[in-house]
Structures are given as C-alpha cells and as structure tokens.
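A short worksheet on the structure shown next.
Read the figures in this text as sums done on the coordinates, not as results from a lab. Please read these numbers as outputs of a predicted model, since none were measured by experiment. All Cβ positions, glycine included, derive from the backbone under ideal geometry; neighbour counts span all protein chains shown.
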Amino acid sequence: MRKGRVTIPTDENYVEGTRIIADKWGADAVRDCDGTHLPKNAKELAEKVYNTYFVVRGDNAWADKHTDELQSVLLMTGHTLATDTTLTIELLKGYSRDQLGVNEENPKKYWQVFDRTTGEEIASWEYVGGGYVRIDGTKPYHEYTVNFFATNLWDSTQMYNYITNNWNIEKHKVMEPRFEATFEHIKDNMRKWCDENENVNVVRYTTFLYHFFLVFNEINKEKHVDWFGYPMTASPRAFDAFEKEYGYVLKSEDIVDGGTYHNNFVNPTPKFKDYMEFSEKYVTRTVRELVDIVHAEGKEAMMFLGDSWIGTEPYGDYFKDMQLDAVVGSVGGGVTVRMLSEIPHVKYHEGRFLPYFFPDTFFEGNEANAIAELNRNWVTARRAMMRKPLDRMGFGGYLALAAEFPGFIDRATEICDEFRSICDAADNAKPYSGLTVAVLNAWGKKRSWMCHMVAHELWYQQVYSYQGVYEALSGLGVDVRFISFDDIKKNGIDKDIDVILNVGDEGTAFSGGDYWADEQVVTSIRKWVAEGHGFIGVGEPTAKQMGGKYFQLSDVLGVDREKGFTLSEDKYNIEKKTHFITKDVVGDIDYGEGMKNVYALNGADVLDIDISPRFKRNVNVGEVKLAANDYVHGRGVYIAGLPYNPQNARLLLRAMFWSCHKEAEIEKAYSTNVVTDCAYYPESKKYAVINNTFEEQKTTFYDVNGNAKELVLKPNDIVWIQE
C-alpha cells in the first residue's frame with residue numbers, strides 16, 4: 001500500500017488506535033484538534049506533527065493586564081428614527097455585550113454620525129458616556145446612525161464554538177499586535193512555545209492577526225458574517241498608522257459604507273483598496289517575524305485559510321513575503337479545492353475533508369450517513385483535483401469516534417489511495433485545456449475562486465445560481481483565470497483568452513456596476529469579441545441602466561432586460577431553436593433563481609424561453625433564459641442562472657466552445673456522458689475518465705486526436721487510460 005499525503009487527527013488518549021488507522025490510510029502526518037492534546041510520542045506516529053497555534057488569542061493573563069491593548073472592531077449602529085430635535089442612540093443595541101464593549105478612545109476623532117435620510121454627516125453630537133451618543137439638531141422622521149469603535153472582548157471563533165458546543169471554559173480575549181509591548185510579548189510566546197514543543201515540526205497557525213468579520217447579536221447569535229470583511233482590522237492605532245503612511249485621513253465611513261462594510265459584493269473604492277493594501281502590508285511584515293522564529297527552530301509554518309486570515313490575501317501582492325511553507329483549508333467542493341490548490345508561493349496545499357469526526361455525525365446507527373457525506377464531499381471535490389490537485393488531504397475531529405465505524409474507515413482508506421493516484425498523475429503536470437477562460441469582475445486575481453462567497457462556500461439563495469458557474473469551471477477542461485475591469489483599462493485583454501465570463505446581479509462587484517459606464521471597458525470588450533472571441537453573461541451581466549439600455553453589452557449578448565422603459569417597443573423574437581449549446585440537454589434546464597423580464601433582440605437565437613400560459617400572443621411575451629448571438633467575428637451567450645449540476649456544467653462547456661468558434665474541437669479529451677468528466681495529462685500521457693455519480697455509467701471517450709472508445713464506469717470510478 002502506498003503511503004503519504006494524508007493527515008489525521010490524534011490525541012494523547014488514542015495512541016495505538018492512531019497507529020492502526022494511520023497504517024490503513026497511509027497517513028504520514030498527525031494533528032491535534034480542539035479539546036485534545038498531542039501524544040508525547042507523536043513523532044513516533046508520523047513524519048509530520050502539526051500543532052494548532054493561536055497568535056493573538058488565548059493569553060488572558062497578558063490581556064487582563066493590558067486591557068487597553070485589546071483589538072477593536074469598527075461598527076455601525078442600527079438606523080434610529082428621530083421624532084424630535086434631539087436623539088440619543090445606544091451604540092451596542094443589537095450587539096452582543098459578551099463579545100463587545102465600547103472603545104471610548106477619542107470618539108470625536110474617529111467616530112462619525114450620519115443622517116441616513118439625506119446622507120449628510122452630522123457634526124452636532126456628543127458621546128455622553130455609558131455607551132450612548134446624543135445628537136442635537138436632528139430632523140424629525142429622519143434616520144440616524146453612528147459609526148464607532150468597539151472593543152473585541154471575546155474571540156469570534158471561540159465564541160462560536162463555545163456557544164455551539166456548550167463549553168464552560170475561559171473565554172479568549174484578543175490582543176492587538178499594533179501595540180509594541182503586546183507584539184514583543186507575542187514573539188516571546190512564539191519562541192517559548194517552539195522550545196516547549198520539540199515534537200512538533202509543523203506549526204499550524206489558526207490563523208494570524210485579524211478575524212474575518214464575525215460579530216454576534218444581543219442573544220449571542222451571529223449578526224454579521226463576512227468571510228472577506230475588514231472591520232476587525234480597524235482600530236484607532238490602525239487609522240493613525242494609515243494616515244502616516246498614505247498621507248490622508250481615513251474615515252470610518254470609508255470602511256463602514258452605510259452598513260455594507262465593503263463586503264465582497266461591493267465594488268471596492270480607491271480608499272478601501274488603499275486600506276486593504278495597508279492591512280496586507282502590516283499583516284505580512286508582522287507575520288514574517290513569527291515565521292522567521294518558526295523557521296529558526298527548524299519547523300514549518302502552515303496557514304489555515306480561515307478564522308483570522310484577513311490581511312493575508314493569498315492571491316495578493318504581499319502574500320509571498322510571509323515565506324509560509326503551506327496552506328490548509330476546509331474543502332466544501334470544487335471551488336474551495338481550486339481556491340486552495342492554486343495559492344502561489346507555498347510548498348504544499350492541504351484540504352480538510354468532511355465529515356468532521358464529531359458526535360453530531362458519528363453516533364450509533366449513523367454510519368451510512370457518515371459514509372454518504374464522505375462520498376459526496378470527495379466526489380464533488382475530485383472533479384477539481386483532476387485539474388489542479390491538492391498536495392495533501394486530511395480530516396479533523398476525534399479519531400476514536402470514527403474508529404467505531406469500520407465501514408467508514410474502509411471507505412476512507414479507498415479515498416486516500418485514490419487521492420494519491422490522482423496526485424501521482426496530475427501533481428505538477430499541466431492538464432490539457434481546450435480553452436482559456438477569464439472571469440471578469442471588480443476583484444480580479446486578488447479574489448481568485450472567491451467569487452459570490454459570503455461565509456466561505458455556504459449556500460445562500462441569492463448566490464447559488466451564480467456560484468454554480470465556478471463549481472462547473474473547477475472541473476472542466478479549460479484554463480481559468482480571474483481578471484478585473486482595472487486590468488482591462490490598464491493592459492487591455494490578453495489575446496490568448498478565448499472567452500470572458502461576467503456573472504452576477506446588477507450593481508455588484510461581480511457584475512461590475514459603474515464599470516459598465518466606462519467607455520474604455522465597453523469598447524475594449526466589444527472590439528475583442530468582434531475579433532473572434534466569446535463573451536458569456538450570467539444573471540445580470542454588464543448591467544447598468546443608461547443610454548436606453550440595461551445590459552450595456554446587449555448588442556454582444558443578444559438580449560436585454562425590460563425595466564419598464566421600453567415596453568412600447570414590440571418584441572417578436574420568441575421562437576425557441578435547437579442549438580449546439582443545448583445538444584446534451586435532457587428535460588428542463590435548471591436556472592436556479594433565474595432572471596425575470598429578459599427579452600431577445602432581433603437576430604439572436606433563443607435557446608430557452610418561459611412563456612406564460614395566461615395570454616396567447618406572438619409578441620411581447622416570454623422570458624428568455626438562454627440565448628446565443630453572433631457578433632461580427634465573435635459570439636455572445638446569455639444564461640439566466642447556472643446552479644451546479646452535471647448537465648449545467650456540460651451546457652457551460654458547450655457554450656464556451658461555441659462562443660469562440662471552437663465547437664469543432666470540443667471532442668478532444670472528452671467524455672460524452674454529462675455525469676462524467678475527462679482529464680488528460682500530456683506529460684504522463686494519461687487520461688482519467690471519472691464517474692461523478694453513485695451509479696454505473698456508460699460513455700464514449702475521445703482522446704485528443706478524436707479517437708473514440710466505449711467505456712463502462714463503476715459508481716464513483718476513475719478509469720485511467722495510458723496513451
């Protein structure tokens with residue numbers, strides 16, 4: 001049996017059991033888990049020994065002596081209605097008093113008060129103490145808010161775990177490393193910890209300095225959850241340092257942004273981009289000092305992409321300067337596999353697979369469900385790993401619980417072996433790609449594979465119809481890159497890109513919002529498509545109401561969305577046509593939440609349309625869900641929404657090939673059955689045809705020369721074919 005590339009949890013009370021399972025799974029690394037301690041002889045169990053390390057939380061002895069050196073978070077109160085000319089606002093109303101207190105440092109310098117009815121900043125206010133602000137000269141029936149700094153009294157992750165698991169332990173306070181004495185203490189702790197943990201050779205930072213935006217409400221339930229949010233990096237000291245470095249005063253509203261907190265869906269402003277860069281540079285140089293300590297002790301430094309990862313931006317310009325050895329993150333599906341596996345400037349990438357070995361899954365009579373969750377997680381992620389595999393896989397939780405389920409242990413054994421077989425074929429080998437595809441949004445490369453996420457890869461009704469695009473892309477035989485509107489303005493569009501995708505709701509960072517009012521952006525893309533390339537829009541692509549149009553590239557897409565302004569113009573293009581794009585469609589196409597009131601322009605091909613049975617007409621009826629359009633030498637495609645399923649993934653693949661006039665090349669390294677995928681590795685001359693279902697499948701496989709072969713695939717199977 002092969003060994004390596006697998007990490008398993010262990011603890012001091014399950015040494016022999018760990019040894020047995022490590023041997024079955026071929027594990028070469030062990031790790032601790034919340035509530036456990038590594039065995040003293042952990043090095044005897046595996047080559048690699050990971051231990052979790054918290055940089056800024058858990059040292060309450062120091063925090064209690066330096067209460068003025070705790071972290072802050074920038075918040076906005078709820079909208080409060082004035083009914084008189086004076087209004088008093090309770091700052092922490094609606095927030096958890098267990099987690100947060102008011103940071104009273106120089107309110108007049110750092111806080112702001114707004115009349116949200118007019119958008120005007122108000123100067124006639126005073127902090128009266130006790131967590132209250134009084135505003136004078138208010139206008140009756142206007143709404144007001146206060147932007148203020150709160151003190152973070154309880155680490156967000158520990159608070160979540162504490163509440164979820166009914167813990168009764170010390171609550172972790174959070175230290176602010178911008179204070180010189182605190183940072184020196186943090187480094188001293190790091191050195192001491194390294195000396196005391198000689199058996200550990202991989203320090204698993206969980207994570208570094210600042211938590212993603214997670215604050216709780218007055219009944220200790222989650223209030224704000226933004227996995228990309230920066231409000232918890234903000235503090236009076238940070239604002240002062242920003243002014244010194246950038247030469248202008250940063251205002252609280254530059255981050256609060258009316259309560260959106262510049263989340264991932266908001267087009268970033270120049271000031272917010274400056275603040276992100278400022279935070280990245282600070283986090284990078286601070287973490288680098290800790291990593292240097294770890295390296296001096298002969299240990300590796302691993303970053304967990306979660307919890308306190310804000311400011312690291314692994315696809316940003318400064319990540320490389322931290323000199324990390326590895327990253328690890330939770331695998332929710334193909335998108336998170338690619339998000340992890342493509343992070344540059346580290347030696348290896350690891351994914352933590354599901355399920356956790358926790359009592360909510362591993363209890364008597366539930367083995368079948370545990371195996372089913374393992375299979376779903378693995379099969380979903382595997383598509384993406386055929387394109388860009390992780391270097392390592394692992395699990396978390398309490399190994400002794402999983403050991404009670406021999407069927408689960410056996411299935412995990414098979415998956416570990418299959419993972420290694422994928423790595424052997426695909427590791428450091430570039431798979432064959434029929435196209436180069438670029439996702440266009442406001443973030444570009446900086447948020448690669450992070451599009452339409454709120455809280456990691458959790459399901460939200462408002463995003464699944466878009467997130468399916470990226471899940472499909474994660475396992476398709478195309479090269480994927482992420483570009484921004486600013487990239488186009490600065491450098492134009494790379495000639496090697498075959499297709500651009502623009503995905504999302506109007507006004508968001510992912511669709512583009514005001515960028516579509518920029519004539520340079522619009523004309524650059526028109527010219528590029530006209531020269532023979534493809535443009536695919538999903539949802540409300542290129543959307544901004546101006547110039548008598550809603551989709552600014554409606555001429556490219558062949559559709560526009562009716563907002564009521566062009567109802568007087570009759571629309572006759574409602575006939576559904578067969579097409580190359582829909583060749584593999586069986587039954588109805590799932591558009592998720594879809595899009596209302598989209599109509600086809602004259603000359604476009606309507607591939608799918610919903611027509612209401614209420615009226616029998618041949619004009620001004622129907623809602624176009626899928627359309628194709630020729631545009632000079634290029635082509636455009638419109639899709640109303642694309643949640644992930646195998647048929648939708650195939651539809652997207654066919655749309656991409658058609659849009660750039662390469663439909664004749666689609667049957668290269670190709671499997672005809674839509675529930676299968678095919679990958680080809682030219683260096684090893686190996687093909688892999690994978691079955692993404694739990695049933696036997698038949699398919700016709702085509703090699704890169706177009707030669708066909710009939711295959712039968714067992715459930716979840718990979719068939720390897722040597723050229």
- Message: As a footprinting exposure proxy, order Leu70, Leu476 by other Cβ within 10 Å, with the fewest listed first.
- Response: Leu70, Leu476
- Item | Whether the stretch 526-605 is rounded, prolate or oblate, judged on the alpha carbon gyration tensor where a/c under 1.5 counts as rounded | oblate
- The value for the chain (convex hull of the alpha-carbon atoms, volume per residue, Å³) is 183 Å³
- Message: What FRET efficiency comes out for Glu665 versus Asn491 if R0 is 22 angstrom and r is the Cβ-Cβ distance? Round to the nearest 0.05.
- Response: 0.20
- Message: Please report, in whole Å³, the volume per residue of the convex hull around the C-alpha atoms of the stretch 670-722.
- Response: 60 Å³
- Item | For the chain: relative contact order, % (alpha-carbon pairs under 8 angstrom, 6 or more apart) | 10 percent
- Query: Whole-Hz Karplus ³J(HN,Hα) for the stretch 170-182, in order, using 6.51 cos²θ - 1.76 cosθ + 1.60 and θ = phi - 60°, x for Gly and Pro?
  - Reply: 5, 7, 6, 7, 10, 8, 9, x, 5, 7, 4, 5, 5
- Query: Label 7 Å along Cα→Cβ of Asn166; the stretch 350-379 residues with amide nitrogen under 18 Å?
  - Reply: 358-364
- Item | Cα-based shape type of the stretch 435-665, given that a ≥ b ≥ c are square roots of the gyration tensor eigenvalues and the cut on a/c is 1.5 | rounded
- Too long at a 24 Å Cα-Cα cut-off: which of Lys65/Lys108; Lys271/Lys490; Lys244/Lys281? Lys65/Lys108
- For the stretch 458-587, state the semi-axes of the equivalent ellipsoid (square roots of 5 times the eigenvalues of the alpha-carbon gyration tensor), sorted largest first and rounded to whole angstrom. 23, 21, 17
- Kirkwood Rh in Å, taken over the stretch 187-331 so that all alpha-carbon pairs contribute: 16.5 Å
- Message: What number results when the radius of gyration of the stretch 356-473, computed over Cα atoms, is divided by 2.2 N^0.38 Å?
- Response: 1.28
- Note on the structure: Label model pair Asp610, Thr83: point-to-point distance (7 angstrom along the Cα→beta-carbon line) in nm is 4.3 nm
- Neighbour cut-off at most 16 other Cβ (10 Å), DSSP loop, trypsin sites (Lys or Arg not before Pro), the stretch 683-719: Lys685
- Item | Long-range HN-HN contacts of Asn645 with modeled amide H, under 5 Å | none
- Sort Trp459, Trp309, Trp378 so the one with the fewest other Cβ atoms within 10 Å of its own Cβ comes first. Trp459, Trp378, Trp309
- Charge dipole of the stretch 1-155 built from unit charges on the beta carbon (Lys, Arg +1; Asp, Glu -1), centred at mean Cα; most positive-end Cα among Gly94, Tyr132, Trp62 is Trp62
- Measure off 7 Å from each Cα along the Cα-to-Cβ vector at Phe565 and Trp193, then give the distance between these two points in nanometres to one decimal. 5.5 nm
- Task: Name the shape class, rounded, prolate or oblate, that the alpha-carbon gyration tensor gives for the stretch 584-647, where a ≥ b ≥ c are the square roots of its eigenvalues, rounded holds for a/c under 1.5, and otherwise prolate holds if a/b is larger than b/c and oblate otherwise.
- Result: oblate
- Item | Among Gln647, Ala543, Val437 - extreme Cα towards positive end, dipole of the stretch 435-665, charges at beta-carbon | Ala543
- May I ask for the percentage of alpha-carbon pairs in the stretch 449-513 that lie more than 18 Å from each other? 42 percent
- Item | Vicinal HN-Hα couplings computed from phi for the stretch 344-358 (Karplus, 6.51 cos²θ - 1.76 cosθ + 1.60; Hz; Gly/Pro x) | x, 6, 10, 7, 8, 10, 10, x, 9, 8, 9, x, 5, 7, 10
- Task: Out of all DSSP beta bridges with both ends in the chain, state the antiparallel percent to the nearest 5.
- Result: 60 percent
- Mind sorting Val719, Val437 by how few other Cβ atoms lie within 10 Å of their own Cβ, fewest first? Val719, Val437
- Calculated from DSSP helices alone, with each H run of at least 4 adding -39500 (n - 2.57) and the total divided by the residues of the chain, [θ]222 nm to the nearest 500 comes to -8000 deg cm²/dmol
- May I ask you to derive the relative contact order of the stretch 435-665, considering only C-alpha pairs under 8 Å and at least 6 residues apart, and to give it as an integer percent? 24 percent
- Query: Do any of Lys577/Lys625; Lys430/Lys668; Lys625/Lys662 go past 18 Å between their Cα atoms, and which?
  - Reply: Lys625/Lys662
- Item | Antiparallel DSSP beta bridges within the stretch 435-665, as percent of all bridges there, nearest 5 | 45 percent
- So what does the Cα-only Debye profile of the stretch 550-699 read at q = 0.18 Å⁻¹, as log10 I(q)/I(0), no solvent term? -1.08
- Query: Charges only on Cβ, +1 for Lys and Arg, -1 for Asp and Glu: so what's the dipole of the chain about the Cα centre, in debye to the nearest 20?
  - Reply: 1360 debye
- Task: Name the residues whose placed amide hydrogens come within less than 5 Å of the amide hydrogen of Gly477, ignoring near sequence neighbours (fewer than 5 apart) on the same chain.
- Result: none
- Message: Only sites in a loop by DSSP and with at most 12 other Cβ atoms within 10 Å count here; which trypsin sites (Lys or Arg not before Pro) in the stretch 264-351 make the cut?
- Response: Lys347
- Item | Computed Rg/Rh of the stretch 39-86, alpha carbon atoms with Kirkwood Rh | 1.40
- Item | Placed amide H near Gln552: partners under 5 Å, 5+ positions off or other chain | Ala543, Lys544
- Send over the per residue convex hull volume for the stretch 1-100, Cα only, as a whole number of Å³. 180 Å³
- Filtered hits (aspartates and glutamates, Cα-Cα < 14 Å from Lys576, offset >= 8 within chain) -> Asp588, Asp605, Asp608, Asp610, Glu623
